[in-house]
């Protein structure tokens, strides 16, 4: 996978997550005329959608993607507090609680990341968006939690950072190598000067073909110290 492929995975996942959440909120807010479309989008969403009671935080409904992603059937989830989600890591519980408190106090909750575990114990990194479902009368009917599996995107992002780190490391090595070539040229010039000969490299020259540096250095050092001096 090259860098372009990695970027497509990372950016593509974030775009899909944002668009689906916006679409569901839009359809729901437009009332009875769009409820069928809302329900269809809810059922077919590539994201796991969880509807929470806006006051007590209990799970009211989940879409089919929830079972596909986690392995838990709706009956194991609906009616529970979201904090009772099976196998939810403690850190994710605290993060969820923190954001639910913000939401119930009327604050906007920005997208965030957390870890969940599937029924089989697999670790998933997810991007979470929280948005209120508001009817045409302006009443909050539910808090919609959109959970998008970004595990592949996170792995791609880590790979991208590793590649960028490798590039930076290579650049530092090359800069160091070029500096060493300059030092060798200066040493050659100094030896030639001691031998009463003109410098082989112009003063201030800071570049050259690294692959020829060793060869040129050997030739000029030999010239400074001939085996049979005249």
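The values are calculated or read from the model by the stated rules, or taken from the named source; none is laboratory data. Keep in mind the model is a prediction, meaning the values are calculated, not measured. Positions of Cβ are backbone-derived with ideal geometry, glycine not excepted, and every protein chain shown enters the neighbour counts.
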Just to be sure I understand, how many residues within the range 117-134 are in contact (Cβ under 8 Å) with a residue 40 or more places away in the chain and either loosely packed, with under 15 Cβ neighbours inside 10 Å or in contact with a helix residue (DSSP H, G or I) (Cβ under 6 Å, 6 or more places away or on another chain) (or both)? 9
Would you check which residues across the range 135-157 are in contact (Cβ under 8 Å) with a residue 60 or more places away in the chain, surrounded by fewer than 20 Cβ atoms within 10 Å (Cβ to Cβ) and within 22 Å of residue 54 (Cβ to Cβ) and list them? 135, 136, 140, 141, 142
If you go through the range 147-160 one residue at a time, how many are out of contact with any helix residue (DSSP H, G or I) (no Cβ under 9 Å at 6 or more places or on another chain) and at pLDDT 80 or above? 1
Take the conditions in the same structural domain as residue 57 (by TED's automatic domain parsing), more than 14 Å from the chain's Cα centre (by Cα) and either part of a loop (DSSP other than H, G, I, E, B) or surrounded by 14 or more Cβ atoms within 10 Å (Cβ to Cβ) (or both) and apply them to residue 188. Does it pass? no
Is it the case that the range 134-146 has a residue that's closer than 23 Å to residue 44 by Cα, modelled with pLDDT under 90 and part of a loop (DSSP other than H, G, I, E, B)? yes
